[in-house]
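For reference, the structure discussed in these notes is given below.
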Amino acid sequence: MRAALELLAHEPSEWKPLAGGTDLMVLFEAGKLSHKKFLSIWKLPELKGIEVTPAHVTLGALTTYTEIQKHPVLQAEFPLLCRAAQETGGVATQNRGTLGGNIVNASPAADSPPALLVYDAELELVSAQGSRWVPYNGFHTGYKTMNLRPDELLRSIRLARATSGWRQYYRKVGTRRAQAISKVCFAAAASLDRGRIRDVRIALGSVAPTVLRCAKTEGTLRGQPLAPAVSDAARKFLAAEIAPIDDVRSTAAYRLRVAQNLLEEFLQTLR
Ligand SMILES: Cc1cc2nc3c(=O)[nH]c(=O)nc-3n(C[C@H](O)[C@H](O)[C@H](O)COP(=O)(O)OP(=O)(O)OC[C@H]3O[C@@H](n4cnc5c(N)ncnc54)[C@H](O)[C@@H]3O)c2cc1C
């Protein structure tokens, strides 16, 4: 990894890291990449593996969707990430596509990021100068822009093992199962206390320039009973918080309606 980081430090922006290539090769074939130099990171051992400690699960950036789905601790404690991995492309894409690539590709329609937002994931970024940890929430600063320097690699993604007692929910709405880009992607989790929502986390994809954690909607639900009037209020907050657009895959009105319906469905699963 040291040699790779020195190359990036020496000529930042010249080299494009290439992981599984499932996003980059499509752009390359379409002639949409300005880079002339590609740095394959596929075999760097420091970016591989899933490490489990009592407090955290830490996934190397090169962890593939297939590896995510097979991991017993992820299956038991982080089902939203496993569901996202299952719904990402077909088997070939799942064998080759990486979680790190999904994050850095920074598509607002990507399927894993909403799950990572719900889990309050943290990212480890490394450069020749050292490493730093940043919260994933806020990493994407706008459409396809992020808090990652050209001399840095994403090394790992850390999840706190604090999901015990949570009720978790994930839905990807797209044209065709697994091969289509999301029209709306919804991930959420809640803990309950005697019929009331003690804590709740809600994140969506494809409804704004970045994937979005919906803090205001969460705020209106926290401490509330599981009553229809509470759902109605939350639907209104969600509508104010997201900013879906019309594009080739869907319309803003459809995305808003689906996002609200998925919120409703999530809340119904808690009753
Ligand atoms: C047929 C097909 C279906 C797909 N379906 C879905 C889908 O349903 N849902 C979905 O979310 N995505 C989908 N994708 C997109 C893609 O598979 C994922 O985004 C995948 O996770 C990208 O990972 P990768 O390793 O292939 O990234 P690459 O293509 O290698 O890289 C993507 C970007 O990330 C950067 N990068 C990669 N790793 C690092 C790192 N460790 N540090 C710094 N920069 C890095 C690269 O420089 C590049 O900018 C699909 C793609 C294809 C071709």
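The values are calculated or read from the model by the stated rules, or taken from the named source; none is laboratory data. Just so it is clear, the model here is predicted, and its values are computed rather than measured. Every residue, glycine as well, gets a Cβ built from its backbone with ideal geometry; the counts of neighbours run over all protein chains shown. With ligands, DNA and RNA removed, areas are computed over all heavy atoms of the protein, side chains included. Shrake-Rupley method; radii C 1.70, N 1.55, O 1.52, S 1.80 Å.
Considering only Leu44, Gly130, Ile68, the residue lying farthest towards the positive end of the dipole of the stretch 1-133 is Leu44, judged by Cα position with unit charges set on Cβ. Among Ile197, Ile68, Ile181, the largest mean-square fluctuation in a Gaussian network model of the chain, built with springs joining Cα atoms closer than 10 Å, belongs to Ile197. The stretch between Thr141 and Glu29 holds 37.6 nm of extra length on full extension. This uses 0.36 nm per residue minus the Cα-Cα distance. Along each principal axis, taking the top coordinate minus the bottom one, the Cα set of the chain gives 58, 45, 32 Å in descending order. Projected label points at Ala227 and Ala3, each 7 Å from Cα along the beta carbon direction, are separated by 6.6 nanometres.
Shown is the FRET efficiency for Thr53 and His10, computed with R0 = 30 Å from the Cβ-Cβ distance and rounded to the nearest 0.05: 0.30.
GNM on the chain, alpha-carbon springs under 10 angstrom: the most fluctuating residue among Leu148, Leu27, Leu226 is Leu27. Structure remark: mean-square fluctuation, Gaussian network model of the chain, C-alpha springs under 10 Å; the largest value among Asp199, Asp246, Asp23 belongs to Asp246. Rolling a 1.4 angstrom probe over the protein heavy atoms with all chains in place gives the chain an accessible area of 47 Å² per residue. Starting from the alpha-carbon convex hull of the stretch 1-113, give the projected area averaged over all orientations, in nm². Computed as one quarter of the Cα hull surface, the answer is 7.9 nm². Name the shape class, rounded, prolate or oblate, that the alpha-carbon gyration tensor gives for the stretch 211-271, where a ≥ b ≥ c are the square roots of its eigenvalues, rounded holds for a/c under 1.5, and otherwise prolate holds if a/b is larger than b/c and oblate otherwise. Taking the square roots of the gyration eigenvalues as a ≥ b ≥ c, the stretch 211-271 is prolate. By the Stokes-Einstein formula, at 0.890 mPa s and 25 °C, the stretch 18-78 with its Kirkwood radius over alpha-carbon pairs has D equal to 181 µm²/s. Close Lys pairs in the chain, defined as Cα atoms under 16 Å apart and 8 or more places apart or on different chains, number 9. Note on Arg158: accessible area is roughly 60 Å² with a 1.4 Å probe, heavy atoms of protein only.
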